[in-house]
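K.L.:
Please see the structure below; I have some questions.
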There are 2 protein chains.
Amino acid sequence: MQAEIITIGDELLIGQVIDTNSAFIAKQLNKIGISIYQVTSVQDDRNHILKTLKEAESNSDIIILTGGLGPTKDDITKKTIAEYFNDTLVRDDLVLKNIEHLWKSYIGGKLLQVNKDQSLVPSKSTVLMNKLGTAPGMWFDKGEKTFVSLPGVPYEMSTLMEQYVIPKLKEKYNCPFIMHKTLLVYGIGESALAARIEDWEDALPKDMRLAYLPNLGKMRLRLSTKGFDEIKLKERVDAEIEKVIPLIKNEFFGFEDEEGSAEIIIAKQLTKIGKTLAIAESCTGGLLAEQFTKHSGASAYFNGGVVTYSTESKKSVLGVSKEVIDSHSVVSGPVAEAMASNSLKLFDSDFAVATTGNAGPTKGESDAEVGTVYIAIASKSRVYSEKFNLGNHRIKVLNKAVNKALEMLLKEIFKN
Amino acid sequence: MQAEIITIGDELLIGQVIDTNSAFIAKQLNKIGISIYQVTSVQDDRNHILKTLKEAESNSDIIILTGGLGPTKDDITKKTIAEYFNDTLVRDDLVLKNIEHLWKSYIGGKLLQVNKDQSLVPSKSTVLMNKLGTAPGMWFDKGEKTFVSLPGVPYEMSTLMEQYVIPKLKEKYNCPFIMHKTLLVYGIGESALAARIEDWEDALPKDMRLAYLPNLGKMRLRLSTKGFDEIKLKERVDAEIEKVIPLIKNEFFGFEDEEGSAEIIIAKQLTKIGKTLAIAESCTGGLLAEQFTKHSGASAYFNGGVVTYSTESKKSVLGVSKEVIDSHSVVSGPVAEAMASNSLKLFDSDFAVATTGNAGPTKGESDAEVGTVYIAIASKSRVYSEKFNLGNHRIKVLNKAVNKALEMLLKEIFKN
């Protein structure tokens, strides 16, 4: 079973908006065994939409469109689809009622004709009622093929996908299960990893695909397959995973889940063992703390952090001694270690991680080369630091430093 | 002049990675007057890549590909492009030297054959040297048409786009200048703003386009035009800007530049007047500090911040009194104000901003409704706070809170 996603809107083609819809839809479809052949983004242009629909129909069983359903003149998806199906637009009274209700509840004043006309739908379509907005979703059966048109507003689209599209697709098609298992691996490069597990990879069953997903110092290794017997599938994937883990036993830190990555593994473990975390940042400037606080539930284990950006604040807020700074420089292992130890105490925590470095583009208060970052870990029993050279691209240095800090934290927490 | 973007990688089609590359590339091309006909995302699949290349070549002048250039077996873009051009792969010694240098500097150990082989490039291509990674960019001229293959890693791709691709495209094609000027406007809604500046907008020259770009509580107003005489273009755009600014004199805070937005205006002003900033965050958890520290030069004005996530740390680290917390709750104006005042002193700064709120999805230690955020500003002469209700989507609440904090900070700093 194969699907295609077509995202429609000028804003996508001028780079003003990043297309997050297609990743969401792809993930949802993948979960029910539908793979995505292609994602195509096109402008609000009649000919181009018609051409893209035709090509998609010739390649795929399921075509999902988002965008171009608004009330203004540039939104032409609905009438273009009607044209594609030689169909006419008819008023849907329930949709009109929904529009009137939304208008009354959130906007007020006289309902405009353009908004009333959002209740016009192709006569051959089944309406997917959009309680969150005035543009309805539409479902079209064309024999074995299915076309679905959804609004481009992400939360309206995602709600319609979950409420209607996925259940209806599961009902219409005999969907296989798709199984992905993603291993989080640290401390080994892509090529070295590939060499290490080459024999295992070569011996994988034909239906299993392995992907290497390197990203700024961390690596994800994803094993995928699909089939109709979910239990058997899981057993087969787990059996392969069991063979590879011994080959990477020092580098493997856990399975990545839906929500996130290393920080989620750390968060779950800290919550489970009832321990707490403090963070002291210099060069990473809040980015490390944000990895944890962007997920809900951080208050269960994250006591807090400091961003001691200036040298003065390292002394006054964190109590790093002038002597240590003067004799080792502000970008140094001893300073990172003092930051970690002192933040551990300041926030009365079980673990602390600290960063100090020079992210560039120029040398700062210290003489450290651009890209030099020291990361320290403190626990109640020990404190230590490592030095890294993370290149000369500022944003890259910061993100690599965060990944290195998460790696060291993972190692420390699971050691205990 | 028309371009097409092809992003390659299984991870895009299963929704594991959101394609941010195509928006970046589209924006860069738009700036030099090249519009995007289509963005297509496909799997690492030989036939599909060949088919997509062929279709793109028939529609567009410029085809930019990203992804599939890694050293592992699933990365097949390079050999597929070579096949498309009936070309063979040859060793590029400079690329090999770059790979060896990167390996020695950042990885160490024996250079693997798969990485050495990343220096194999199609003989008809011009190498775009990638100093940040082992996969080189490649440029192909096919008569008037251009094909460019770039690595999928965003930082590597963006650096190659800026360093090589854009300058080379400008040289090859007669690209017009596209001029955008973006005004940052706070404290007025889209419709009210449109009504206020309606006469000015109606009187704009035919070639100028105005766009309203509302985003999570801030508004950007973008005036665009294009032409071949850069100096004249700039004069004409500036003349229109001079007319509109008096109409929004209380809401206009500056021009957004390439690098960033409100935080850049704040950074420049603080640096200019020699004043410093401290930040105390609860719900925003480091995200606000990161807005400043992600840009270079922050050490000139940013003394530091605290992320007092737990109630205990608000007391112990920031010295917010138990009485204030007990009588007003931890999510309250008085607590936000105490956080701001105390961080001002702790970091010996001229301005401080503080956030405390509940970003959801569930109620936390306080009884505050999900989405309630208090933001406080402290200067040497005063401290005050505002209450906001920012909805019930966690990431949205956090980003809206950051935008509100930047707005309040802008107002405070420019008041002085």
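K.L.:
Based on this model, can you work out whether B:V324 counts as surrounded by fewer than 20 Cβ atoms within 10 Å (Cβ to Cβ), at pLDDT 95 or above, more than 10 Å from chain A (Cβ to nearest Cβ) and under 27 Å from B:K415 (Cβ atoms)?
P.N.:
yes
K.L.:
Which condition breaks for B:S385 when tested against (1) more than 26 Å from the chain's Cα centre (by Cα); (2) within 10 Å of chain A (Cβ to nearest Cβ); (3) in contact (Cβ under 8 Å) with a residue 40 or more places away in the chain?
P.N.:
(2)
K.L.:
Would you mention how many residues in the range B:74-102 are part of a helix (DSSP H, G or I) and either more than 14 Å from chain A (Cβ to nearest Cβ) or touching a helix residue (DSSP H, G or I) at 6+ places or on another chain (Cβ under 7 Å) (or both)?
P.N.:
Total satisfying the criteria: 14.
K.L.:
Residue under question is A:S332, and the condition is that it be in contact with a strand residue (DSSP E or B) (Cβ under 9 Å, 6 or more places away or on another chain), surrounded by fewer than 24 Cβ atoms within 10 Å (Cβ to Cβ) and in contact (Cβ under 8 Å) with a residue 12 or more places away in the chain; does it hold?
P.N.:
yes
K.L.:
Restricting attention to the range A:300-313, which residues are more than 8 Å from chain B (Cβ to nearest Cβ) and either surrounded by 24 or more Cβ atoms within 10 Å (Cβ to Cβ) or over 22 Å from B:T311 (Cβ atoms) (or both)? Talk me through it step by step, then tell me what you get.
P.N.:
Keep residues of the range A:300-313 that are more than 8 Å from chain B (Cβ to nearest Cβ), which gives A:300-301, A:311.
Of everything in the range A:300-313, those that are more than 8 Å from chain B (Cβ to nearest Cβ) and either surrounded by 24 or more Cβ atoms within 10 Å (Cβ to Cβ) or over 22 Å from B:T311 (Cβ atoms) (or both) turn out to be A:Y301, A:T311.
K.L.:
Another question, then. Taking the residues in the range A:86-102 that are of a type outside the set (D, E) and farther than 17 Å from A:L69 by Cα as candidates, determine which candidate is farthest from the chain's Cα centre (by Cα). Please lay out each step first, then the result.
P.N.:
The first filter runs over the range A:86-102 and keeps only residues of a type outside the set (D, E), leaving A:86, A:88-91, A:94-99, A:101-102.
Checking the rest, the ones that are also farther than 17 Å from A:L69 by Cα come to A:86, A:94, A:97, A:101.
Numbers: A:N86: 39, A:L94: 36, A:K97: 36, A:H101: 34 Å.
Selected residue: A:N86.
K.L.:
Does at least one position in the range B:192-203 carry a residue that is surrounded by 13 or more Cβ atoms within 10 Å (Cβ to Cβ), modelled with pLDDT under 85 and outside any strand (DSSP E or B)?
P.N.:
no
Residues checked against (1) in contact with a strand residue (DSSP E or B) (Cβ under 7 Å, 6 or more places away or on another chain); (2) among the aliphatic types (A, V, I, L, M):
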position: A:G360; (1), (2): no, no
position: A:G371; (1), (2): yes, no
position: A:A376; (1), (2): yes, yes
position: A:S379; (1), (2): yes, no
position: A:V383; (1), (2): yes, yes
position: A:G391; (1), (2): no, no
position: A:N399; (1), (2): no, no
position: A:E407; (1), (2): yes, no
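K.L.:
I would also like to ask the following. Tally time: how many residues in the range A:48-100 are free of Cβ contacts under 8 Å to residues at least 24 places away in the same chain and either at positive phi or not assigned by the TED database to the domain that holds A:V114 (or both)?
P.N.:
Residues meeting the conditions: 1.
K.L.:
In the set B:P205, B:P214, which member is within 14 Å of another protein chain (Cβ to nearest Cβ), within 23 Å of A:I14 (Cβ to Cβ) and not hydroxyl-bearing (S, T, Y)?
P.N.:
The unique qualifying residue is B:P214.
K.L.:
Still on this structure, please answer the following. For the range B:259-299, how many residues meet the condition of being away from chain A (no Cβ under 13 Å), without any contact (Cβ under 8 Å) to a residue 40 or more places away in the chain and either within 16 Å of A:A280 (Cα to Cα) or part of a loop (DSSP other than H, G, I, E, B) (or both)?
P.N.:
Total satisfying the criteria: 1.
K.L.:
Let me spell it out: the conditions are (1) part of a strand (DSSP E or B); (2) touching a helix residue (DSSP H, G or I) at 6+ places or on another chain (Cβ under 9 Å), and B:T182 meets all of them except one. Which number is the exception?
P.N.:
The failed condition is (2).
K.L.:
Turning to a different aspect of this structure: Can you tell me which condition A:G360 does not meet? The list is (1) of a type outside the set (A, V, I, L, M); (2) in contact (Cβ under 8 Å) with a residue 24 or more places away in the chain; (3) at negative phi; (4) touching a Lys or Arg at 6+ places or on another chain (Cβ under 8 Å), and all the others hold.
P.N.:
(3)
K.L.:
Please tell me if B:L410 is modelled with pLDDT under 95, surrounded by 18 or more Cβ atoms within 10 Å (Cβ to Cβ) and in contact with a Ser or Thr (Cβ under 7 Å, 6 or more places away or on another chain). Walk me through how you get there before you give the answer.
P.N.:
Numbers: modelled with pLDDT under 95: yes; surrounded by 18 or more Cβ atoms within 10 Å (Cβ to Cβ): yes; in contact with a Ser or Thr (Cβ under 7 Å, 6 or more places away or on another chain): no.
Here the answer is no, as B:L410 does not meet what is asked.
K.L.:
For the range A:112-168, how many residues meet the condition of being touching a Pro at 6+ places or on another chain (Cβ under 8 Å) and either without any contact (Cβ under 8 Å) to a residue 40 or more places away in the chain or among the β-branched types (V, I, T) (or both)?
P.N.:
The number of residues fulfilling the criteria is 11.
K.L.:
Give B:T80, B:T66 a once-over and let me know the one that is out of contact with any strand residue (DSSP E or B) (no Cβ under 6 Å at 6 or more places or on another chain) and surrounded by 20 or more Cβ atoms within 10 Å (Cβ to Cβ).
P.N.:
Values: B:T66 fails: out of contact with any strand residue (DSSP E or B) (no Cβ under 6 Å at 6 or more places or on another chain).
Being out of contact with any strand residue (DSSP E or B) (no Cβ under 6 Å at 6 or more places or on another chain) and surrounded by 20 or more Cβ atoms within 10 Å (Cβ to Cβ) holds for just one of B:T80, B:T66, which is B:T80.
K.L.:
I would also like to ask the following. Checking A:N250 against (1) outside any loop (DSSP other than H, G, I, E, B); (2) in contact with a Gly (Cβ under 8 Å, 6 or more places away or on another chain); (3) more than 14 Å from chain B (Cβ to nearest Cβ): exactly one of these is not met. Which one?
P.N.:
(1)
K.L.:
Please state which of the following conditions B:Y164 fails to meet, knowing it meets all the rest: (1) away from chain A (no Cβ under 14 Å); (2) crowded, with 20+ Cβ neighbours inside 10 Å.
P.N.:
(2)
K.L.:
Given the conditions (1) surrounded by fewer than 20 Cβ atoms within 10 Å (Cβ to Cβ); (2) touching a Cys at 6+ places or on another chain (Cβ under 9 Å), report the number of the one that B:E55 does not fulfil.
P.N.:
(2)
K.L.:
Restricting to the range B:10-37, give me the number of residues that are farther than 14 Å from B:I62 by Cα, more than 9 Å from chain A (Cβ to nearest Cβ) and modelled with pLDDT under 95.
P.N.:
1
K.L.:
Among the candidates B:T362, B:T355, single out the residue that is within 12 Å of chain A (Cβ to nearest Cβ), of a type in the set (S, T, N, Q) and in contact with an Asp or Glu (Cβ under 6 Å, 6 or more places away or on another chain).
P.N.:
The match here is B:T355.
K.L.:
I've got another one for you. Go through (1) buried (at least 18 other Cβ atoms within 10 Å of the Cβ); (2) over 24 Å from B:Q28 (Cβ atoms); (3) within 25 Å of the chain's Cα centre (by Cα) for B:T271 and report which single condition fails.
P.N.:
Failed condition: (1).
K.L.:
Still on this structure, I have one more. Considering only the range B:12-36, how many residues are in a helix (DSSP H, G or I) and surrounded by 21 or more Cβ atoms within 10 Å (Cβ to Cβ)?
P.N.:
Final tally of qualifying residues: 8.
K.L.:
So, one more: Which count do you get for residues in the range A:1-11 that are assigned to a loop (DSSP other than H, G, I, E, B) and buried (at least 19 other Cβ atoms within 10 Å of the Cβ)?
P.N.:
Final tally of qualifying residues: 1.
K.L.:
Mind telling me which of the residues B:S119, B:S123 ends up being more than 14 Å from chain A (Cβ to nearest Cβ), surrounded by fewer than 23 Cβ atoms within 10 Å (Cβ to Cβ) and small (G, A, S)?
P.N.:
None of the others qualify; the one that does is B:S123.
K.L.:
Further question: Starting from residues that are assigned to a helix (DSSP H, G or I) and touching a Phe, Trp or Tyr at 6+ places or on another chain (Cβ under 9 Å), keep the ones in the range A:38-73 and report whichever is farthest from the other protein chains (Cβ to nearest Cβ). So that I can check it myself, show each step before the final result.
P.N.:
First, the residues of the range A:38-73 that are assigned to a helix (DSSP H, G or I): A:46-59.
From the residues that got through so far, the ones that are touching a Phe, Trp or Tyr at 6+ places or on another chain (Cβ under 9 Å) too are A:48-50, A:53-54, A:56-57, A:59.
On the way: A:H48: 7, A:I49: 11, A:L50: 14, A:L53: 13, A:K54: 13, A:A56: 11, A:E57: 16, A:N59: 9 Å.
Ranking the candidates gives A:E57 first.
K.L.:
Residue check: is A:G319 at positive phi and out of contact with any Cys (no Cβ under 6 Å at 6 or more places or on another chain)?
P.N.:
On the way: at positive phi: yes; out of contact with any Cys (no Cβ under 6 Å at 6 or more places or on another chain): yes.
The answer is yes for A:G319.
K.L.:
Inspect all residues belonging to the range A:330-338 and state whether any of them is modelled with pLDDT under 95 and in contact with a Leu (Cβ under 9 Å, 6 or more places away or on another chain).
P.N.:
no
The values are calculated or read from the model by the stated rules, or taken from the named source; none is laboratory data. Everything numeric in this text was worked out from a predicted model, so none of it was measured. Please note: Cβ atoms are built from the backbone with ideal geometry, for glycine as well, and neighbour counts cover all protein chains shown.
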